[in-house]
1. Work out, in µm²/s and without decimals, the Stokes-Einstein translational diffusion coefficient of the range 55-121 at 37 °C, 0.692 mPa s, Rh from Kirkwood over C-alpha pairs.
2. Which FRET efficiency, nearest 0.05, do Y107 and E231 yield, Cβ-Cβ r, R0 45 Å?
3. What residues have an amide H closer than 5 Å to that of H280, excluding those fewer than 5 places away on the same chain, when H is modeled at 1.01 Å from N in the peptide plane?
4. Using the scaling law 2.2 N^0.38 Å as the reference, what is the normalised Cα Rg of the range 262-323?
5. Can you run phi through the Karplus equation (6.51, -1.76, 1.60; θ = phi - 60°) for the range 11-20 and list ³J(HN,Hα) in whole Hz, with x for Gly and Pro?
6. Where does each of 42-48, 338-344, 15-21, 324-330 land if you order them by average Cβ count within 10 Å, highest first?
7. Quick query: amide H of V89 versus all other amide H atoms, modeled in the peptide plane; which residues come in under 5 Å with a sequence gap of 5 or more or a different chain?
8. With no solvent and one equal point scatterer placed on each C-alpha of the range 172-217, evaluate the Debye formula and give log10 I(q)/I(0) for q = 0.17, 0.21 Å⁻¹, two decimals.
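What follows is calculated from the coordinates using simple rules that are stated; it is not laboratory data. Remember, predicted model here, so these are calculated numbers, not experimental data. Every residue, glycine among them, receives a Cβ derived from its backbone with ideal geometry; neighbour counts consider all protein chains shown.
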Amino acid sequence: MLSVRNLFKAYETRSGEPAGGAFDVSFEVARGELFTLLGPSGCGKTTTLRSIAGLETPGSGVIELDGAPLFDGASQVSVPMYERDIGMVFQSYAIWPHMSVFENAAYPLRVQRRNRPSREEVEKRIMRVLEMVGLSKYRARSATQLSGGQQQRLALARALAREPKLLLLDEPLSNLDAQLREQMRAELKRIQSEWGVTTVYVTHDQAEAMAISDRIAVLNQGRLMQVGSAEEIYERPTSEFVAGFIGRTNLFTGKLAAASVDGGYGVVESAIGPVRCWFHTAAPSGAAVKFVTRPENVECVRMGIGHENTFEGKVVSRVYLGDIAEYAIRVGEMDVLVRAHPSVALSPGDATPVYFPADRTIAICE
Ligand code: ADP
Ligand code: MG
């Protein structure tokens with residue numbers, strides 16, 4: 001439905017220094033999909049979204065919606081913003097205070113330049129979207145009498161009323177308090193999938209991204225690092241950045257021992273000893289390799305020493321968190337972070353085997 005290819009948009013400071021942007025960003029979004037751009041502040045999420053919306057003119061690249069170009073740097077095509085069939089909701093969702101809930105949602109339809117719907121059609125569509133977001137009974141109310149969450153849903157209704165081909169949401173929940181944000185993200189996901197609108201969602205919050213997205217694209221410093229489902233990017237990160245940004249991780253460095261692996265498994269010589277890891281792609285023998293493993297995937301009870309990927313460890317600290325116990329376990333020179341079931345009762349000073357399951361110990365070759 002949406003295709004973004006080799007998108008470049010570089011900003012400069014007044015004195016001509018590079019000031020960030022989006023560099024060679026490419027991704028495809030399927031019809032009806034909720035696709036999220038995730039990354040730290042300043043990584044180029046808004047730049048990418050504004051380029052799709054037509055609020056920003058890229059330096060080069062191609063943007064296509066439903067097979068038709070919105071932007072093509074090479075052939076100098078750039079469809080004006082108001083002719084792009086796109087609805088948008090920003091962080092500051094700009095509800096018009098002097099209008100009713102109904103009028104807020106209806107206004108964009110009333111001023112639409114092309115294919116302006118009839119009065120009856122407007123009535124019908126607005127009631128449908130207000131119903132969808134749970135605001136139909138507030139239709140006559142002044143928009144200022146709505147709570148934060150309701151205003152956010154009104155902004156969403158307003159964007160959907162035009163029945164756009166594409167919905168762009170830029171950190172739409174970040175003005176809400178934590179509890180409401182969690183409630184709203186479930187609501188937003190429900191509305192998006194019931195409405196079936198293809199959506200590009202922007203957030204810096206990894207939990208939010210994981211909770212609502214069909215697929216996630218992780219950005220860093222204007223570059224797209226990895227695209228995949230929440231499971232794919234969490235379980236099998238391809239870069240140190242993604243491994244560190246999404247959740248917590250243990251990071252090791254080493255050298256690929258065995259002959260080249262063809263994707264699949266390979267043994268890495270590291271400071272703690274040889275560790276069999278899962279590789280995304282082939283790597284030459286002797287290559288410098290890092291590998292990562294999540295604290296909840298490290299086991300410190302079941303296996304005995306002598307088993308593959310099992311090392312002697314010594315408990316440094318234990319933090320009991322109710323649902324989980326968090327350990328730092330010294331293995332060689334490394335303190336390995338382990339999240340275990342609270343029934344695992346180890347105390348500082350205890351010796352324990354530490355086991356890294358190979359299928360959840362992921363090699364990173366950057
Ligand atoms: P994000 O939305 O991921 O937080 P942005 O896309 O807004 O990041 O910005 C990416 C980078 O580009 C930042 O370093 C930002 O300072 C810079 N930038 C964004 N817009 C402009 C602009 N209009 N002029 C100069 N620099 C900009
Ligand atoms: Mg932004």
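1. Working: Rh = 14.5 Å.
Reported coefficient: 226 µm²/s.
2. Details: r = 41 Å, r/R0 = 0.91.
Computed FRET efficiency for Y107 and E231: 0.65.
3. Amide H neighbours of H280: A363.
4. Working: Rg = 14.4 Å, N = 62, 2.2 N^0.38 = 10.6 Å.
Relative to the 2.2 N^0.38 Å estimate, the range 262-323 comes out at 1.37.
5. 3J(HN,Hα) across the range 11-20, in whole Hz: 9, 10, 6, 4, 8, x, 6, x, 10, x.
6. On the way: 42-48: 22.7, 338-344: 15.9, 15-21: 11.6, 324-330: 19.1.
Result, highest mean Cβ count within 10 Å first: 42-48, 324-330, 338-344, 15-21.
7. L168, L169, D170
8. Debye intensities relative to I(0), on a log10 scale: -0.45, -0.70.
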